[in-house]
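The values are calculated or read from the model by the stated rules, or taken from the named source; none is laboratory data. What you see is a predicted model; the values in this text were computed from it and never measured. Methodologically, a virtual Cβ is constructed for each residue, glycine included, from the backbone with ideal geometry; neighbour enumeration extends over all protein chains shown. We work out accessible area using only protein heavy atoms, side chains counted, and drop any ligands, DNA or RNA first. Shrake-Rupley method; radii C 1.70, N 1.55, O 1.52, S 1.80 Å.
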Amino acid sequence: MIECKQLAFGYQARQPVYQGLDLRLETPGIIGLLGFNGAGKTTLLHLLSGLRFPWSGECLLDGRSPRRREAMFLEQICFVPETLELPAQPLRRWLEGRAPFYPHFDYELFFGLLEEFSLSPDRRLSELSLGFQKKAMLAFSLATRARFLLLDEPTNGLDIPGKAALRRMWAKYLPEDSFLILATHQVRELGAQMDRLLILDAGRLLLNASVGELEELVSFARHPDRPHPEALYSQPAIGGYHCLYPPGHPLGGAEPDLELFCNAVFEIPGLAQPLNR
């Protein structure tokens, strides 16, 4: 379980990022962490991983505080940042120094994932493109078998086949008891993978709900012509409009469009409030 209790943090005394953030995640799965630039997504990952410490309040992962940096905590968490700075050594040698920190590291899985990414373990990390560096680190994160995977913009730099391969890997190899948190703007690419949404805005939690719970709030529709007047929100798209209607509306029934929903949450005050739990 992940808990944040009255969390306060900022980089400057007069500009807090969070002031009393409360968050509770009980069910493992793939969790989309969404919001505008500067909303606090990366900061939250840093606080959860223990790379930064809160001013007040606390974060707890299965009851352990990241601040204490205990070995039993560190072996259960893997953070992959958006920007990578990797050494000038072969991937295989880099692995020798990192994998032992994870007692359940799956070497067979790691090398299998590298093969699926068409990446040789004998390549020097510093000589790889950003996309291949990301592939190496994402393969490593899965192979740790850690309970908490915190990924910041994981698909940035990946080519189209690499993104498809990553989605397959999560579906196939992510342990059922793992919390995989994706801080991302790529909602259209990754939305189908997400089990739950967290939406942040200026350090405030606008939504904490499972994707299945969205049907309690809205129904989704696609129209070849202009939306019906009862639409709560709409956006033009190729071939017509994508729309949100009240739950159970007869014009609804399309597959959830999480990008459309997120845009609506930002533009319609209070839309997500009934599901913010």
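Worth a mention:
- Any hit, region 71-79, residues being of a type in the set (S, T, N, Q), on the phi < 0 side of the Ramachandran plot and in contact with a helix residue (DSSP H, G or I) (Cβ under 8 Å, 6 or more places away or on another chain): no
- Residue match in region 34-51 (condition: over 18 Å from Ala139 (Cβ atoms), more than 14 Å from the chain's Cα centre (by Cα) and among the hydroxyl-bearing types (Ser, Thr, Tyr)): no
- Residue in region 89-112 that is under 30 Å from Leu21 (Cα atoms), out of contact with any Asp or Glu (no Cβ under 7 Å at 6 or more places or on another chain) and in contact (Cβ under 8 Å) with a residue 40 or more places away in the chain present: no
- Count of region 137-173 residues which are farther than 20 Å from Leu86 by Cα and out of contact with any helix residue (DSSP H, G or I) (no Cβ under 7 Å at 6 or more places or on another chain): 10
- Screening Arg226 with (1) farther than 24 Å from Asp195 by Cβ; (2) touching a residue at least 60 places away in the same chain (Cβ under 8 Å) gives one miss only, at (2).
- Any chance Phe73 is buried (at least 19 other Cβ atoms within 10 Å of the Cβ), over 19 Å from the mean Cα position of the chain (by Cα), closer than 21 Å to Asp152 by Cβ and in contact (Cβ under 8 Å) with a residue 12 or more places away in the chain: yes
- Criterion violated by Phe220 - all others in (1) surrounded by 18 or more Cβ atoms within 10 Å (Cβ to Cβ); (2) within 22 Å of the chain's Cα centre (by Cα) satisfied: (2)
- Test: residue in region 158-175 that is within 23 Å of Ser210 (Cβ to Cβ), of a type in the set (D, E, K, R) and modelled with pLDDT of 95 or more: no
- Of all residues in region 38-64, those satisfying the criterion of being open to solvent by 30 Å² or more (accessible area, probe 1.4 Å), in a loop (DSSP other than H, G, I, E, B) and either within 23 Å of Leu197 (Cα to Cα) or not aromatic (Phe, Trp, Tyr) (or both) are Gly38, Leu51, Arg52, Asp62, Gly63.
- Matching entry among Ala209, Ala183, Ala221 (being more than 20 Å from Glu255 (Cα to Cα) and aliphatic (A, V, I, L, M)): Ala183
Residues are listed down the side, and each one gets a yes or a no for (1) farther than 17 Å from Gln76 by Cβ; (2) of a type in the set (Phe, Trp, Tyr):
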residue: Phe111; (1), (2): yes, yes
residue: Leu125; (1), (2): yes, no
residue: Phe132; (1), (2): yes, yes
residue: Met137; (1), (2): yes, no
residue: Leu142; (1), (2): no, no
residue: Asp159; (1), (2): yes, no
